[in-house]
1. Shape verdict for the chain, please, from the Cα gyration tensor: rounded (a/c under 1.5), prolate (a/b greater than b/c) or oblate.
2. Once Rh is set to the Kirkwood radius over Cα pairs, what Stokes-Einstein translational diffusion coefficient, in µm²/s, holds for the stretch 1-42 at a temperature of 37 °C and a viscosity of 0.692 mPa s?
3. Given the pairs 7/130; 7/184; 59/156; 85/156, which span a C-alpha to C-alpha distance of over 24 angstrom in this model?
4. With a 1.4 Å probe and all protein chains left in place, how much accessible area per residue does the stretch 1-82 have, in Å²?
5. About the Cα centre, and with charges only on the beta carbon of Lys, Arg (+1) and Asp, Glu (-1), how big is the dipole of the chain? Nearest 20 debye, please.
6. At q = 0.21, 0.22 Å⁻¹, what is the log10 ratio I(q)/I(0) for the stretch 13-81, with the Debye formula run over Cα points and no solvent?
7. Can you grab the distance from the C-alpha centre of the stretch 138-177 to the C-alpha centre of the stretch 24-53, Å, no decimals?
8. Read phi for every residue in the stretch 94-106 and hand back ³J(HN,Hα) as whole Hz from Karplus 6.51 cos²θ - 1.76 cosθ + 1.60, θ = phi - 60°, with x for Gly and Pro.
Amino acid sequence: MEWADGKTRCWWANPKNENYIRYHDEEWGVPVYDDHKLFEMLILESFQAGLSWECVLNKQENFRKAFDNFDLDKVCSYDDEKMEKLMNDPGIIRNRRKIQAAVSNANIFRNIQEEFQSFSNYIWHWTDRKVIYEKGLTRSELSDTVSDDLKKRGMKFVGTTIIYSYLQAVGVIYSHEEGCFLEK
């Protein structure tokens, strides 16, 4: 594939979507330790279920506005009225089960923060704070384990494929493909 800037990227990066190229080049696979960003990405990944990441990414700014910039305390306190407002927001993915899961998952996220002193400590403890380098997978033993643990804690929309994608997005798993200018 020909890229305007001459760089070769992973096959999934849409060369016609500048936002997606920027995401690929600057965010995807970069280790994240900030709980606010980890929370945002977990919620966004859960909305991806059954859809493309590009669809979610294109709505990221709308999600930030609708979900109070992913302020954990605010999302934890969403009531039925706020969830109904989200259901009527055409700028986001309006799926009642995913919206309800986002609020429930926010509360579980906060419980994990309390247990581990941060969600970052929780998510990175699975790899002893090391980045895992692997390519061409959509799930792994690691994503199976993290997914199972999150489900036991009560989270929804955190199947192994979603969690694998999440771990790639936040840099726990580094998966830039062979030939990509970011391949390591």
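1. oblate
2. Rounded to a whole number, D works out at 281 µm²/s.
3. 7/130
4. The answer is 53 Å² per residue.
5. Using Cβ point charges on Lys, Arg, Asp and Glu, the chain gives about 420 debye.
6. -1.00, -1.08
7. A separation of 11 Å, based on Cα centres.
8. 9, 10, 4, 5, 6, 5, 4, 5, 4, 5, 4, 5, 4
The values are calculated or read from the model by the stated rules, or taken from the named source; none is laboratory data. Because the structure is a prediction, the values reported are computed rather than measured. Cβ: placed from backbone, ideal geometry, glycine included. Neighbour counts: every protein chain shown. These area figures cover heavy atoms from the full protein model, side chains too; ligands, DNA and RNA do not enter into them. Shrake-Rupley method; radii C 1.70, N 1.55, O 1.52, S 1.80 Å.
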